[in-house]
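Note sheet for the following structure.
The values are calculated or read from the model by the stated rules, or taken from the named source; none is laboratory data. Since the model is a prediction, treat every value here as computed from it, not as a measurement. All Cβ positions, even for glycine, are placed from backbone atoms using ideal geometry, and neighbour counts span all protein chains on display. Ligands, DNA and RNA are stripped out before the accessible areas are found, and what is left, the full protein with its side chains, is counted by its heavy atoms. Shrake-Rupley method; radii C 1.70, N 1.55, O 1.52, S 1.80 Å.
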Amino acid sequence: MISVIIPIFNEEKNIPLLFDRLTQALKTTNQSFELIYINDGSKDNSLSIIKNLAEVHSFVKFINFSRNFGHQIAVSAGLDLCKGSEVLIIDADGQDPPELIPQLYSKLKEGFEIVYAKRNSRKGESILKLITAKWFYKIMARLTSIDIPLDTGDFRIIHRKVVDQINKMPEKQKFLRGQMAWVGFRQSFVMYDRDERMNGNTGYTFRKMFRLAMDGITSFSNFPLRVATISGFVCAILGFFLIVYTLYSRYVLKDYEPGWSSLMITIVFIGGIQLIGIGIIGEYISRIYDNIRNRPLYIVDETNCE
Ligand code: UDP
Ligand code: MG
């Protein structure tokens, strides 16, 4: 069976459209399937539309979160509760075309555990989003030892083996495409052109994107922590030469000014470096704290999954 995980945040207009496209594409694989809708605290009618679908079709499952927990957590809930031997993750807004499913599926059957969809082009996205995404992946590639494929999102089909491994990972900061790159197995991809959203607006605000980027970097790299140490060393070395120079001009050249400005510059500079260092350490500590607090990742209000 193929499980399809569909995170939903204010997608009332897109749900019926996507449902038709999905079921049609899935039928061509000749496999049984289930659709798992995770309602991530939508403020529109998404939930009642999903529930109606679930009443009519036994293959429709839904999970209703008690509030908005975020896209990555919604997908994680789907991974927890899905039953299929193959699992497909897809956005609800039509940007990930369901028509690609047969290709993804047959590639998986060629003997891969992960087949992700790689974007040829992206339509209908703001320039800001394109630029920030591009830089984010460049920085990720430099900072981390895992190879997160470029130009991919979470649109992919994965084997049960991968799902079981991901579900075993206890961390609360979910950056699924990074975790999936990390688990290994045989991975491949299929190219596609990314469409515009069918209806509505993006649920990924700049704030949510920034969170995702910080989770991605801190989950897979200790480099930011090391930046604090490195800049500390650089400052110390510069400071040492400054002391030598000051003493030299004071006692040998006897040419000096009461050094108010240089003092200020130094204090401000060192202060800045220290704050950066503390901030970076804080980022990691807050994540450690999230994990030892051990709160549930999400709260289910209502579901028809067993
Ligand atoms: N989404 C979600 N929770 C959120 C934001 C988004 O479940 O807090 C869902 C949304 O309904 C969609 C998918 O995640 O199915 C991708 O979101 P969106 O299209 O808004 O992001 P973008 O494509 O602009 O990156
Ligand atoms: Mg989208």
message: Place a point 7 Å from Cα of ASN199 in the direction of its Cβ. Which residues in region 17-34 have their backbone N less than 11 Å from it?
response: 17-18
message: Among ASN222, ASN30, ASN167, which one shows the highest mean-square fluctuation when the chain is modelled as a Gaussian network with alpha-carbon springs under 10 Å?
response: ASN30
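I need the trypsin sites (Lys or Arg not before Pro) found in region 168-259, filtered to DSSP loop residues with at most 12 other beta carbons within 10 Å of theirs.
For trypsin sites (Lys or Arg not before Pro) across region 168-259 that sit outside H, G, I, E and B with at most 12 neighbouring Cβ atoms in 10 Å, the list reads ARG186, LYS254.
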statement: Comparing SER249, SER121, SER188 in a Gaussian network model of the chain (Cα, 10 Å), the one with the largest mean-square fluctuation is SER249
message: If the elastic network links every pair of Cα atoms under 10 Å, which of VAL234, VAL75, VAL190 fluctuates the most in the Gaussian network model of the chain?
response: VAL234
message: Explain nothing, just the number: dipole magnitude of the chain about its Cα centre with +1 on each Lys and Arg Cβ and -1 on each Asp and Glu Cβ, in debye rounded to the nearest 20.
response: 700 debye
- prompt: Taking the Cα atoms only, what angle lies between the long axis of helix 223-247 and the longest principal axis of the chain, rounded to 10 degrees?
  reply: 10 degrees
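Ignoring any ligand, DNA or RNA, what whole percent of the accessible area of region 234-306 comes from carbon and sulfur when the probe is 1.4 angstrom?
That share works out to 71 percent.
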message: To the nearest 20 Debye, how big is the dipole of region 175-269 about its Cα centre, given +1 on the beta carbon of each Lys and Arg and -1 on that of each Asp and Glu?
response: 280 debye
task: May I ask which residue of GLN31, GLY111, ILE63 lies farthest towards the positive end of the charge dipole of region 17-123, with charges of +1 (Lys, Arg) and -1 (Asp, Glu) on Cβ and the Cα centre as origin?
output: GLY111
message: What distance in nm lies between label points placed 7 Å from Cα along the C-beta direction at LYS161 and SER286?
response: 3.8 nm
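What's the Kirkwood radius of region 157-306 in Å, using all Cα pairs?
Radius from the Kirkwood sum: 20.9 Å.
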- request: Quick one: give the max-minus-min coordinate of the C-alpha atoms of region 150-203 along each principal axis, largest first, in Å.
  value: 35, 26, 20
- prompt: Whose amide H sits under 5 Å from the amide H of ASP91, counting only residues 5 or more places off or on another chain, with H placed in the peptide plane?
  reply: ASP96
message: Considering only protein heavy atoms and a probe of 1.4 Å, how much of the accessible area of region 1-107 is carbon and sulfur, as a whole percent?
response: 51 percent
- prompt: Over the Cα atoms of the chain, what Rg and Dmax result, in angstrom?
  reply: 24.8, 92
message: Nearest 10 degrees is fine. How inclined is helix 14-27 to the longest principal axis of the chain, computing both from alpha carbons?
response: 70 degrees
- request: Hand me the chymotrypsin sites (Phe, Trp or Tyr not before Pro) from region 161-204 located in a DSSP loop with no more than 16 other Cβ atoms within 10 Å, in residue order please.
  value: PHE185, TYR204
query: Given a 1.4 Å probe, how much area per residue of region 1-136 is accessible, in Å²?
result: 41 Å²
- line: Charge dipole of region 185-306 built from unit charges on the beta carbon (Lys, Arg +1; Asp, Glu -1), centred at mean Cα; most positive-end Cα among CYS305, TYR192, LEU275 is LEU275
task: Output the pairs from LYS83/LYS161; LYS13/LYS43; LYS61/LYS123 with a Cα-Cα distance over 24 Å in this structure; if there are none, say none.
output: LYS61/LYS123
- request: Compute the acute angle (0 to 90°) between the alpha-carbon long axis of helix 260-293 and the principal axis of greatest extent of the alpha-carbon atoms of the chain; round to the nearest 10°.
  value: 30 degrees
